[in-house]
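Notes follow once the structure below has been shown.
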Amino acid sequence: MIEKMKFLSITGPRADIDRMTNRYLSKYEMQLENALTELKTVDNLMPFLEMNPYRDPLAKVTQFLGYMKDMPAEPSFDQSEDEILEMIRSINHDYMDLQQQKEELKKKRENIQARMKVLEPFTSLDFDLHEIMQYKYIRTKFGKINVDYYHRLEKALLEDIDALFLEGSRDASYVYGVYFVSDADAGKVDSIMRSLHFEKVDLLEDFGGTPLEAYRSLDKDVQNLTDEIQAVKDKRQEMFRKNASRLLGARIQLERFSDNFDIRKFAARTETDEQEEYYILCGWMSEEDANAFIKEAQGDDKVYIVVEEDREQYFGEPPTKLENPKLFKPFEMFIKMYGLPKSGEMDPTIFVGIMYSFIFGAMFGDVGQGLLLFIGGAILYFTKKMNLAGIVSLAGIFSTFFGFMFGSVFGFEDIIEAKWIRPINHMTTLPFIGKLNTVFIVSIAFGMGIDKSNVRWVIHYNLPKSIESFYQEIGRAGRDGLPSDTVLFYSLGDLILLTKFATESNQQSINLEKLQRMQQYAEADICRRRILLSYFGETATEDCGNCDVCKNPPQRFDGTVIVQKALSAIARTEQQIGTGVLIDILRGSYSAEVTGKGYQELKTFGAGRDIPPRDWQDYLLQMLQLGYFEIAYNENNHLKITPSGSDILFGRTKAMLVVIHREEVSTSKGKKKKIVVTKELPLGLPGTESEDLFEALRGLRKQLADQEALPAYIVLSDKVLHLLCISRPTTIEEFGSISGIGEYKKKKYGKDFVNLIRQFV
């Protein structure tokens, strides 16, 4: 059922807004509206401009809890607001001290590790470092020499210089060691060593013992520092552990404080010469909650409540709040997905729940699998609060019931007796149904896995989300080798809904691109079989002659030169561009992407400036569908020439393209005006839209927000602006069909936004 809503105005002393919120609004569900918007005719109203004081403490608490390995079982709520803030300040002070200690220790360790790295190549040398550093008449120099020059050093040591070189270690590039030379020969030897690219390595004089002993001493220091760092970490962890319950409780309380404080975004305040100011809150509340709220606040002399009985006829429809029995509560998800009913209309939730479960049970009747669905769904629903699991659980009950009726247990139909019929044996004997020669697949969910030999038709009532899905679904028809037909219906509404789903998915870019290719398939003037084969990496040189395009062929022309220009540009850029840059090159546009890579120097730069950009988009789409190039989605959507494209590029065959027709209509002044209407997502650029239109929409949104003293997102969110860029509604009704735009915003902002969008269509 749909609960009746009431519009309430709440006011009181400005200083009392937090107390009122914590005491009353925390108990009752209220959909707040912006008071400045609702009361725009009232003078001397101002927004709250206060910063949320709980945001930083909440961030700190969340940070501290993130360091904890094990969360406490129960939060503690025995602290006041002041105690919570003081606790956070105290813990943060100790935390910063420990962090400083840890960083100082880490810095010391890094310095020692750097010394170890210098010393490590010489650890095989067996002499006391401190002792040789004290030699009075002998110079000692440590370093490394490239392996390519080491044989020359060996030769020089034998023939030209009086020096001793001791090798330490070597790797693929260098030989490490030390050479000893007398004071008298030091200059000559040093000069020869530099000519051999000997690189000196400075060892500090405080090293004692052999290099290996010094290295082990430093390693011990590193281990001691590591232990000290771990001790600091343990101390920090212990500090958080002791305060875990209080921190967890503080986070919960601060979240509530912060949410309550943010109510100020929807509130207005009076600006008077009087000493005391007042706040005003407006919003919708269910009739039951409103009555309870009014009754509870009746004796509170600081809270004033006004119920606006006829508010909806002036300010739009009230929000819809569904209230159904717990059994059918999960099915509200479906109702919200496809559109909530208005206030005063019928709530179809229970009907949908019963019919969905009944049909599912009839199509999937099986005792064993039904019980698994019921038990598994119930466990997930009550433990994880998953609405879909609740739906599966209820559907499992009906599936179990029909399993007994059909005598099916885990697909075996010889374990129990059927209480009614066995479908596999009685489909041809049932009244009316048995006399039909057509199999109806009424839902994708129920159609999956159906393998019938005599399916003659597959009808799509709306657009599939990808060509993969479409291909799999139409494959149900004609499995017996006899002629079959497929029909696809789709609308702009399908694109808007599927775009919303793709945008909200974890693979936004890929899913938007797949949706785009599906749309291109549906709107193509190319043989549809060739498009399907090209999509899955196969090539067809001739049209199929069976699809709707082949049976009603469009006008074609020899487009070999056009295709060669495009493919030549792709080849000259080493196949490292997308369609947008390709069009810029062909059109001779000095865009940032073109000039940044030097593409203006290509021979094909400007080779297609006689063709409009929109026509180039159409021609490139045809080339993609004909399989002359493909889009490498894993390489930033770069275009790659196929073998069929190579045949066209080198003149081995011709390319026939579809003639592009642009409709012309007469305006009121008798002039002809070109109509260029496109509902496509941009080719090869998933999830993008016109930047000019988006910026224009942002500008209009800011203008409207400034007029009402509102944050811009209150008017329309960025997500809605992106959807407007993709769908480009040209009527107020189309504007209202966009996800995120309700009836109120449609009436209030629809005209302004539609008028702006029409300028870009």
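Restricted to the stretch 2-40, and to residues there that are surrounded by fewer than 20 Cβ atoms within 10 Å (Cβ to Cβ) and basic (Lys, Arg), the residue that is nearest to Glu50 (Cα to Cα) is Arg14.
Note on the stretch 512-569: residues that are free of Cβ contacts under 8 Å to residues at least 12 places away in the same chain and surrounded by 20 or more Cβ atoms within 10 Å (Cβ to Cβ) total 0.
If you go through the stretch 26-63 and keep only what is of a type in the set (A, V, I, L, M, F, W, C) and under 16 Å from Pro319 (Cβ atoms), you end up with Met30, Leu32. Somewhere in the stretch 54-61, is a residue under 34 Å from the mean Cα position of the chain (by Cα) and not in a helix (DSSP H, G or I)? Looking for residues that are under 34 Å from the mean Cα position of the chain (by Cα) and not in a helix (DSSP H, G or I), one finds at least one in the stretch 54-61, hence yes. Highlighted here are the helices (runs of 4 or more DSSP H) found entirely within the stretch 457-560 that include at least 1 residues which are farther than 14 Å from Leu624 by Cα: 467-474, 492-503, 508-522, 548-551. Across the stretch 1-57, the number of residues qualifying as at pLDDT below 85 and among the β-branched types (Val, Ile, Thr) comes to 4.
Residue selection: Gly449 satisfies the criterion of being surrounded by fewer than 17 Cβ atoms within 10 Å (Cβ to Cβ), over 27 Å from the mean Cα position of the chain (by Cα), on the phi > 0 side of the Ramachandran plot and at pLDDT below 80.
The set of residues from the stretch 713-761 being among the polar types (S, T, N, Q) and either outside any helix (DSSP H, G or I) or in contact with a Cys (Cβ under 7 Å, 6 or more places away or on another chain) (or both) comprises Ser717, Thr730, Thr731, Ser737, Ser739, Gln759.
Being buried (at least 19 other Cβ atoms within 10 Å of the Cβ) and at pLDDT 85 or above is a property that does not hold for Ala297.
For the stretch 64-80, the criterion of being touching a strand residue (DSSP E or B) at 6+ places or on another chain (Cβ under 7 Å) and of a type outside the set (Asp, Glu) is satisfied by no residue at all. When Phe374, Phe358 are screened for being at pLDDT 90 or above, under 22 Å from Gly407 (Cα atoms) and either assigned to a loop (DSSP other than H, G, I, E, B) or more than 33 Å from the chain's Cα centre (by Cα) (or both), only Phe358 passes.
Matching residues to (1) under 37 Å from the mean Cα position of the chain (by Cα); (2) assigned by TED's automatic domain parsing to the domain that holds Val307; (3) farther than 18 Å from Leu65 by Cβ:
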residue: Asp221; (1), (2), (3): no, no, yes
residue: Lys235; (1), (2), (3): no, no, no
residue: Arg256; (1), (2), (3): yes, no, no
residue: Leu281; (1), (2), (3): yes, yes, yes
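Candidates in the stretch 300-353 are the residues that are touching a strand residue (DSSP E or B) at 6+ places or on another chain (Cβ under 7 Å) and of a type in the set (Ser, Thr, Tyr); of these, the one that is modelled with the lowest pLDDT is Ser343.
The values are calculated or read from the model by the stated rules, or taken from the named source; none is laboratory data. Predicted model only: the values in this text are computed from it and were never measured. A quick note on method: Cβ atoms are made from the backbone with ideal geometry, for glycine too, and the neighbour counts reach across all protein chains shown.
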